[in-house]
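This is the structure I have questions about; it appears just below.
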Amino acid sequence: MEKTVVITGASRGIGKSAAFAFSDAGYGVCINYLQSEKEALEAVTEINRRGGNAFAFRADVSVEAQARALVRAAQERFSHVDVLVNNAGIALDRLFTQTTTEEWSRVFAVNVNGAFHCCQAALPDMISRKKGKILNVSSVWGMVGASCEVAYSAGKAALIGFTKALAKELGPSNIQVNCVAPGVIDTEMNGSLSDADLLCLCEQTPLGKIGKPEDVAALLVFLASDKADFLTGQVISPNGGFVI
Ligand code: NAP
């Protein structure tokens, strides 16, 4: 039976790279997007042109009904979902004292509630099959905190706690829950960083460079594989040594 994955926020950046990496590893791939329909459909076309099995589904993961529809669409298309990657996320660069309640709530709605909604939708079937993998995409800022990114850091820290607790609850059901906490990765999320900012970040990174989406994608595919069956509740941080 074909292995299958739902990747939230897979129209761009890390999620898109993960869609290609999972397809290359033989998975049927559900590419979730919200606004970037053209990019999502192009990824589907390219994956299927290469002989893969992908489809795109528009859903705002912060909305419970849409997250449930996303997972249901993948279950109907593939008959089951083996892996859920909670990758969709938004950033917020703002002094804490200037962060509005609406901004704080939106960051949590997408970055934290999105994972909650998708897990609630995907888990009943995984539990009854006694098989499944949940991968949550946090951030180094969820581990060590970032100035002017308090809402983002707090939401990413919440995903780490969510991962650990859920791993304990789901272990007896043979479901692994792990967290990937990337350092700075070259995606549109960091599009506002100047060349000087990027140089500074590279200088602070022992490996002397920022990461590529493919660096995170390869780790996600490994964590989803049978080779990682004894790994659960862990936070793995592809960050070039930026945080050790
Ligand atoms: P990105 O290039 O900005 O892509 C974000 C993705 O999330 C897009 O596909 C976007 O879809 C989707 N998305 C946003 N809100 C959504 C919603 N409400 N429902 C569904 N999808 C939604 O970001 P990225 O750098 O690839 O980041 C991916 C994940 O990695 C995020 O969780 C981010 O916090 C985390 N991360 C990134 C870095 C980094 O340096 N880039 C570092 C650590 C962690 P549409 O465009 O279709 O709306």
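The values are calculated or read from the model by the stated rules, or taken from the named source; none is laboratory data. These numbers were taken from a predicted model, which means no experiment stands behind them. As a convention, Cβ positions derive from the backbone with ideal geometry for all residues, glycine included, and neighbour counts pool all protein chains shown. Surface areas here come from the heavy atoms of the whole protein model, side chains and all, with no ligands, DNA or RNA. Shrake-Rupley method; radii C 1.70, N 1.55, O 1.52, S 1.80 Å.
Scan the stretch 8-31 and tell me whether some residue there is in contact (Cβ under 8 Å) with a residue 12 or more places away in the chain, of a type in the set (V, I, T), open to solvent by 20 Å² or more (accessible area, probe 1.4 Å) and farther than 21 Å from T163 by Cα.
Checking the stretch 8-31: not a single residue is in contact (Cβ under 8 Å) with a residue 12 or more places away in the chain, of a type in the set (V, I, T), open to solvent by 20 Å² or more (accessible area, probe 1.4 Å) and farther than 21 Å from T163 by Cα.
Identify the single condition in (1) touching a residue at least 24 places away in the same chain (Cβ under 8 Å); (2) away from the ligand (no atom under 13 Å from the Cβ) that D195 does not satisfy, given that it satisfies every other one.
(1)
Still on this structure, please answer the following. Within the stretch 138-146, is even one residue open to solvent by less than 10 Å² (accessible area, probe 1.4 Å) and over 15 Å from D93 (Cβ atoms)?
Within the stretch 138-146, one or more residues are open to solvent by less than 10 Å² (accessible area, probe 1.4 Å) and over 15 Å from D93 (Cβ atoms).
Assigned to a helix (DSSP H, G or I) and either open to solvent by 70 Å² or more (accessible area, probe 1.4 Å) or touching a Leu at 6+ places or on another chain (Cβ under 8 Å) (or both) - does that describe any residue in the stretch 175-185?
no
Taking the stretch 196-214 on its own, how many of its residues are outside any helix (DSSP H, G or I) and at negative phi? Can you show your working first?
Let us first name the residues in the stretch 196-214 that are outside any helix (DSSP H, G or I), namely 204-212.
Checking which are at negative phi leaves us with 204-207, 209-212.
Residues that pass the stated criteria total 8.
Return yes or no: is G9 closer than 25 Å to A154 by Cα, part of a helix (DSSP H, G or I), near the ligand (Cβ under 9 Å from one of its atoms) and within 15 Å of the chain's Cα centre (by Cα)?
no
Okay, residues lined up against (1) part of a helix (DSSP H, G or I); (2) of a type in the set (A, V, I, L, M); (3) open to solvent by 60 Å² or more (accessible area, probe 1.4 Å); (4) without any contact (Cβ under 8 Å) to a residue 24 or more places away in the chain:
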site: D60; (1), (2), (3), (4): no, no, no, no
site: N113; (1), (2), (3), (4): yes, no, yes, no
site: P124; (1), (2), (3), (4): yes, no, yes, yes
site: L135; (1), (2), (3), (4): no, yes, no, no
